[in-house]
Amino acid sequence: MTDQMIIGGREFLFGTHTYIMGILNVTPDSFSDGGSYNTLDAALKQAEKLQNTGCDILDIGGESTRPGHAEISDEEEIERVAPVIEAAKKRFDLPVSLDTYKHTVARAGLEAGADLINDIWGLRYDEGQMARLIAEYDIPCCLMHNRHHTNYENLIPDIIADLQITLEIARKAGIAEDKIILDPGVGFGKTYEQNLEVLAHLRDLCDSERGGLDYPWLLGASRKSVIGLTLDLPAGEREEGTIVTTVMAVEAGWQFVRVHDAEKNARAIRMTEAVLKYGSD
């Protein structure tokens, strides 16, 4: 695994710290905060809050990907995200990630100033067009595991095998190895029990000696149904559960977490890293 990555001109050093990707959904129907930030002023106000409370990368999404979501046109998604990306790049000193699996939306976002593409289909949605676009712009990408079904023979090895297909697509397109982040896709193509199994095997996913993939990893479990079903809580009351998953990611040596509440998760990361520092001697 590379020991650093440049995203939006900022250096991210790996090995001793877990960074925060802050979620900014400019959608009317996201499962957790739909409609809260779907005006430019509201989005920028939330972006400022994320920056001031510990966010390292701002992840902007224009289409809800919750189960049962309504797919929107590329044009509508571009209209939602491009102005926010452009304004955020002018106003804030944060790398900006665009959460999309559509290459036309990605191109518009990159032209607006996005620094990273966060693809929930791991380059497997189209015929390699997203992969070629990322290679063309020579930018970092986060590639997530996803399936249209929940049928697995052996969950963790199957996730690894699927991601190896994604990595082969990236290699063929010319995406640099040191610009790839992987995401196991908590909440996507997995049952409740399978999501818990992923969370229980974070170290196995990232440790090559255990059969994992030696890349930077991102965990996106914030407020998801695996937390809601475990704690019997609505999306707005799942922060404690989210923090537990963040702590687990830090303990497993993961490089990124994607969360809604930067402040609380940043505190949890600082505390966990302080304890781990004294346990590594």
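The values are calculated or read from the model by the stated rules, or taken from the named source; none is laboratory data. Predicted model, so just to flag it, every value in this text is computed and none were measured. Note that each Cβ is placed from the backbone with ideal geometry, even for glycine, and that neighbours are counted across all protein chains shown. Each accessible area value is taken on the protein alone, full model and side chains, heavy atoms only, with ligands, DNA and RNA left out. Shrake-Rupley method; radii C 1.70, N 1.55, O 1.52, S 1.80 Å.
See the values below:
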quantity: Partners for residue 277 among aspartates and glutamates (Cα-Cα distance below 16 Å; same-chain residues under 8 apart left out); calculated: 251
quantity: Given charges at beta-carbon only (K, R positive; D, E negative), |dipole| of the range 84-240 in Debye; calculated: 440
quantity: Å² per residue, accessible surface of the range 52-136 at 1.4 Å; calculated: 40
quantity: In nm, spacing of pseudo-spin labels at residue 176 and residue 214 (7 Å Cα→C-beta vector); calculated: 1.9
quantity: Gyration tensor (Cα) of the chain, equivalent ellipsoid semi-axes in angstrom; calculated: 25, 22, 20
quantity: Nearest-0.05 FRET efficiency for residue 6 and residue 70, computed from C-beta distance (R0 35 Å); calculated: 0.45
quantity: Surface accessible to a 1.4 Å probe, residue 126 within the full protein complex, Å²; calculated: 30
quantity: Partners for residue 190 among aspartates and glutamates (Cα-Cα distance below 14 Å; same-chain residues under 8 apart left out); calculated: 153, 158, 162
quantity: Calculated diffusion of the range 137-193, Stokes-Einstein form, Kirkwood radius summed over Cα pairs, 25 °C and 0.890 mPa s, µm²/s; calculated: 201
quantity: Carbon/sulfur fraction of accessible area - the chain, other protein chains in place, 1.4 Å, %; calculated: 47
quantity: Extension gain (nm, one decimal) between residue 53 and residue 161, 0.36 nm per residue minus Cα-Cα; calculated: 35.2 nm
quantity: Candidate aspartates and glutamates - alpha carbon under 17 Å from residue 45, same-chain residues fewer than 8 apart omitted; calculated: 33, 56, 59, 86, 93, 261, 263
